[in-house]
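Student: Once you've had a glance at the structure underneath, I'll fire off some questions.
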Amino acid sequence: MSTKHSHGLDSKRINWKARGNEVQKSVIAQPVTSIVLLLVVALVSCTVILTAGRGEGAQAQILAQIESAEIRSVTLHDNSGALELDTTWIAELEQYDIIEAVTGIGRTADVTISANEAATKVSASDIYATWLDQLETPFQGPGSPTSALATQGALTALGFHRGVGVARIVPDGEDVVVLGQINLPSSLAHLQDSVIIPHSAEEVAPLQSVVVTAKHVEDVPLTLKVISTYLTGFAPEDYNLESSANLVKVRGAVKGELTKNNYISVLFSLATAVAVSMTVVWAVVLLKRRDFGRRRALGASKKLIVSLVMGQTLLIATFASIFGTSIGLVWLTATGAPTPTVRFSSALIIAMTVLSTLSSAPPALWAGNRDPLTELRVP
C-alpha cells in the first residue's frame, strides 16, 4: 500500500516537472510574443513604481514630518498659579496609554557667562521628565553646584565652544555649571536655544507648564480631553492650553488625498496591464490553435492545455514584474527621488504576477475547450 502511494507521489512530481519543462520550452519557442508580454508587464511595473511608488514614498516623508513630536504635543501653561501645577502631574499623565511623554518646565530665568554678566544672555529652564533618565543627565544633588546641559545654540551664544563652562543666573547671581550639550526632542522646540537644568521627575517641585506628547497624531484630540478633565472648575484665564489639533486635521486630509491619488494611479496601471496581457495571450492562443488541437487529439487533457497557457504567463509575469520594479527603484534611487516602502514594492510584484496570470485564464479555458478536430482543420 505504501509502495503504491510513494509511486503515485513520484509520478505527480515527474508530471509537474515535465509540465514545468514544457512551459519553459513554450516560452522560448515563441520569443516574439514572450518578449512582448514581458515588456508590457515590466513597463507597467516600472511605471507604477515611478508614479504611484514615488507618490507613496513622498507621502511617507510628508506624514513622517506631520507625525513629529512637536505636532503631537499639547502644552498647558499655569497663568496664575491657581492650577497648583507641579511634578506630580507627570506621573499621573504618563499612566495613560495614549501619552508618550510628559515634560515639566519649572523656573525659567536668564543666564550669561559667569566671567562677564554684560555678555549675551540666553534662557535657562528647570526641566523635569522621565525621559531624562535615558540620557544619563546629571541631576541636582544636595551640596553640589547647579549642573546643566545646553543646546548647541545656547553654547554658541554663551561662547562655550568646548561644550562646557560656567554661566550665571541674572540677576540672582547663582552659578550654573554647563557640563555638555543636549539635543532636545522636537516637542521642546521653543527651548532650542536654552540652558537646561535637568531634574528627576520624582522630585516634587512647582511647574510653570507641562508639555504632553501623544504617541500618535490621532491621539492628540483624546489627549486634549484627558488634560481638560484636570482643568474642570478652573477659569479659562487661569491657564493656557496649546495644541496642533488643526494640523491633525490637515494630516488626515493630506493622507486621504495622497492615498486616493495613488490608488487611482495603481488601479489604472493594473487595468492596463491586465487588458494588454489578455490580448497578448489571446493572440498566442490563436496562433497556436493547431498545436493545441494536435495535443488534444493525441490525448492531452483540457487541464493540461489550461496549465500550459497560464504557466507561460505566470513565468513571464513573475520575471517581468520583478525586473520592472527593480528598474524603477534603481531609477528613483539614482535621481534622489522618494522611494516606496518594501511592502509597496512587494505588493506590486505580487499583484502584477497574479493579475497577469489570471488575465490569461479566459483564453486558456477557450483553448482547452476547443474541439481538437475543428482546430486541426484550421489552415
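Student: Taking θ as phi - 60°, what are the ³J(HN,Hα) couplings along the stretch 85-91 by the Karplus curve (6.51, -1.76, 1.60), each to the nearest whole Hz, with x for Gly and Pro?
Tutor: 5, 8, 5, 5, 5, 4, 5
Student: With only alpha-carbon pairs counted, each pair once and no self-pairs, how large is the Kirkwood hydrodynamic radius of the stretch 108-151 in angstroms? Working shown, then result.
Tutor: Numbers: mean 1/r = 0.0809 Å⁻¹.
One over the average 1/r among Cα pairs gives 12.4 Å for the stretch 108-151.
Student: Right, here's the next one. Taking the highest mean first, how do the peptides 321-327, 171-177 order by number of other beta carbon atoms within 10 angstrom per residue?
Tutor: Details: 321-327: 20.6, 171-177: 13.0.
Packing order, densest peptide first, comes out as 321-327, 171-177.
Student: What percent do you get for the relative contact order of the stretch 73-243 when only Cα pairs under 8 Å and 6+ apart count?
Tutor: 40 percent
Student: Also, quick follow-up: Any chance you could list the semi-axes, whole Å, largest first, of the equivalent ellipsoid that the Cα gyration tensor gives for the stretch 73-243, using √(5λ)? Please list the in-between numbers first.
Tutor: On the way: eigenvalues 176, 55, 42 Å².
Three semi-axes, in Å: 30, 17, 15.
Student: Oh, and also: Quick one: order Y263, Y230 by neighbouring beta-carbon count within 10 Å, fewest to most. The partial results should precede the final answer.
Tutor: Numbers: Y263 11, Y230 16.
Ascending Cβ contact count within 10 Å gives the list Y263, Y230.
Student: Using a 10 Å cut-off on Cβ atoms, rank the peptides 184-193, 150-159 from the highest mean neighbour count down. Please list the in-between numbers first.
Tutor: Working: 184-193: 17.1, 150-159: 19.3.
In decreasing order of mean packing, 184-193, 150-159 become 150-159, 184-193.
Every number here is computed from the coordinates shown, using simple stated rules; none is lab data. If you're wondering where the values come from, they're calculated on a predicted model, not measured in any experiment. In this analysis, Cβ positions are derived from the backbone assuming ideal geometry, glycine residues included, and neighbour counts consider all displayed protein chains.
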